[in-house]
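To start, the structure itself, in structure tokens.
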Amino acid sequence: MQNLRGRARAARALVAVAGAALVLVGCTGDPGGEPSTTDAASAGTPAPVDVSGTELPTASDTTASPVELPFAPYFDGARAAWLAANVGTDTDTSRAEWFDQVEAFTAECMAKAGFDYKAVPYQAPEPTEEDNPYVDRSALDIQSLPGALEEVERVGYGVDPPAYRVSQADLEGWYDPNADYVDSLSESGRDAYNNALNGIDPETYETVNPDNCMSLAYDKYPEPDTSGPDLSFLEPADGMDRLFEVVIDWGSGMIAVDPSNPDALISDPALLALNKEYGDCALSNEYAEYLYPGQIEPSALVGITRITAADGSVRDVSPGASYDPDTLPEDQRFLVGSLAERDIAVVDFKCRQQTDYVNRYAKAVAAAQTKYLSEHQAEVDKMMAQIEDFLANHKNG
């Protein structure tokens with residue numbers, strides 16, 4: 001079963017995280033001169049209205065394009081092929097049998113070492129559209145906002161869906177039946193347990209016990225090849241996705257063009273000029289001290305909005321900050337619809353309006369895609385023909 005992730009989605013996430021680590025709290029740049037309806041600094045602590053999100057729309061990280069994007073039909077085909085290969089396929093019985101053998105052996109091995117170990121039940125992979133690396137290229141990689149200022153003031157970006165809010169602790173509790181037992185052990189007992197199970201030193205992360213139970217289990221029962229159908233014919237789509245790649249320099253926080261990919265969208269002069277105008281708008285407010293004056297774009301505001309608490313404070317994400325994500329309140333991790341979040345969404349909306357951001361961004365994307373296709377049309381057409389043949393022989397999608 002393939003577990004691919006799109007470069008574009010990863011790049012978008014990196015930009016959002018970098019923005020969150022470097023950018024703002026809120027701002028009031030207004031092309032029309034109207035003050036922001038909610039000022040977290042001057043109005044005191046805003047009430048966490050609708051934090052549950054029960055009456056607010058679900059947030060979306062894409063915006064409908066006002067112009068037709070040339071890549072759209074090709075990514076429709078690539079998505080369909082990926083779904084046919086990964087979603088709705090028969091349960092992989094050979095992998096399930098192998099997994100059960102490994103777990104049974106591990107349980108016996110751990111018992112000999114003096115520990116209780118419950119075999120982890122096999123969970124068949126259930127890839128969904130969310131796992132699809134070939135994202136919808138008929139839409140723009142810009143967080144969605146309502147079309148009217150009054151609606152933005154009322155709902156902001158909306159709220160992250162429940163599935164997005166599942167904590168790592170919840171996930172671990174779901175698949176690890178040994179969590180309670182391990183928690184009951186002393187610190188030295190846990191170290192001994194892990195040494196027997198995986199042989200890894202918890203401080204150095206080096207393998208100190210090569211004869212650990214997991215290694216012995218994998219040696220006895222080699223993992224079967226269950227990679228699924230060959231989708232190498234989708235490589236042109238991967239190349240098309242590279243058009244959207246950027247590089248993050250975590251040391252300086254700068255967003256830079258990938259020097260090996262001169263076609264990267266981020267290097268487009270029209271887009272660079274647009275983001276400069278948008279950044280100037282976002283910087284022209286009393287919260288400018290929280291903004292990083294480099295590559296400011298809507299994703300940067302969204303990133304910081306996710307870590308802005310309902311009282312308007314921003315979670316510390318500076319180097320060296322220590323916290324357990326699962327112990328943080330939801331309003332410091334997700335979009336929950338608080339008044340503080342809506343204030344930042346209003347700034348984003350006004351700066352988009354002032355710069356005509358969505359229209360100009362769409363034109364830059366369309367121009368870049370048109371240029372790319374003019375240079376790679378033959379290989380893209382070949383890919384589409386192979387997609388048609390693949391879909392004709394795989395009816396799961």
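Cβ-Cβ contacts under 8 Å between residues 6 or more apart (or on different chains), taken from a first residue in the range 199-217 that is touching a residue at least 40 places away in the same chain (Cβ under 8 Å) and closer than 22 Å to Glu103 by Cα to a second residue that is in a loop (DSSP other than H, G, I, E, B) and hydrophobic (A, V, I, L, M, F, W, C), are listed as Cys213/Ala113. Taking the numbered list (1) at pLDDT below 95; (2) closer than 30 Å to Val182 by Cβ in turn, Lys112 passes all entries but (1).
Quick one: how many residues across the range 86-145 are under 33 Å from the mean Cα position of the chain (by Cα), among the hydrophobic types (A, V, I, L, M, F, W, C) and surrounded by 14 or more Cβ atoms within 10 Å (Cβ to Cβ)? Spell out how you get there, then give the answer.
So the first thing to find is which residues in the range 86-145 are under 33 Å from the mean Cα position of the chain (by Cα), and the list is 86-100, 102-103, 118-145.
Filter once more, keeping what is among the hydrophobic types (A, V, I, L, M, F, W, C): 87, 96, 98-99, 102, 119-120, 124, 135, 139-140, 142, 145.
From what is left, the residues that are surrounded by 14 or more Cβ atoms within 10 Å (Cβ to Cβ) are 87, 96, 98-99, 102, 119-120, 135, 139-140, 142, 145.
Result for the range 86-145: 12.
Within the range 150-173, residues that are more than 12 Å from Ala345 (Cβ to Cβ) sit with their Cβ atoms under 6 Å from residues that are modelled with pLDDT of 60 or more and among the acidic types (Asp, Glu), at 6+ positions apart or across chains, in these pairs: Ser167/Asp326; Gln168/Asp326; Ala169/Asp326. For the range 289-306, a residue qualifies if it is touching a helix residue (DSSP H, G or I) at 6+ places or on another chain (Cβ under 8 Å), in a helix (DSSP H, G or I) and modelled with pLDDT under 75, and exactly one does: Tyr290. Does the range 220-237 include one or more residues that are at pLDDT below 85, of a type in the set (Asp, Glu) and surrounded by 11 or more Cβ atoms within 10 Å (Cβ to Cβ)? Within the range 220-237, none of the residues are at pLDDT below 85, of a type in the set (Asp, Glu) and surrounded by 11 or more Cβ atoms within 10 Å (Cβ to Cβ).
Of the residues making up the range 326-367, those that are surrounded by fewer than 22 Cβ atoms within 10 Å (Cβ to Cβ), of a type in the set (A, V, I, L, M), out of contact with any strand residue (DSSP E or B) (no Cβ under 9 Å at 6 or more places or on another chain) and part of a helix (DSSP H, G or I) are Ala364, Ala366, Ala367.
For the range 339-371, give me the residue count where each residue is over 22 Å from the mean Cα position of the chain (by Cα) and farther than 15 Å from Ala282 by Cα. Looking only at that region, the number is 12.
Of the residues Asp116, Asp100, Asp61, Asp136, only one is within 30 Å of Ser188 (Cα to Cα) and assigned to a loop (DSSP other than H, G, I, E, B); which?
Asp116
Residues that are in a helix (DSSP H, G or I), in contact with a Phe, Trp or Tyr (Cβ under 9 Å, 6 or more places away or on another chain) and at pLDDT 80 or above within the range 158-186 comprise Tyr181, Val182, listed in sequence order.
The values are calculated or read from the model by the stated rules, or taken from the named source; none is laboratory data. Quantities reported herein were computed from a predicted structural model and do not represent experimental measurements. Cβ sites come from the backbone with ideal geometry, for glycine too, and all protein chains shown count toward neighbours.
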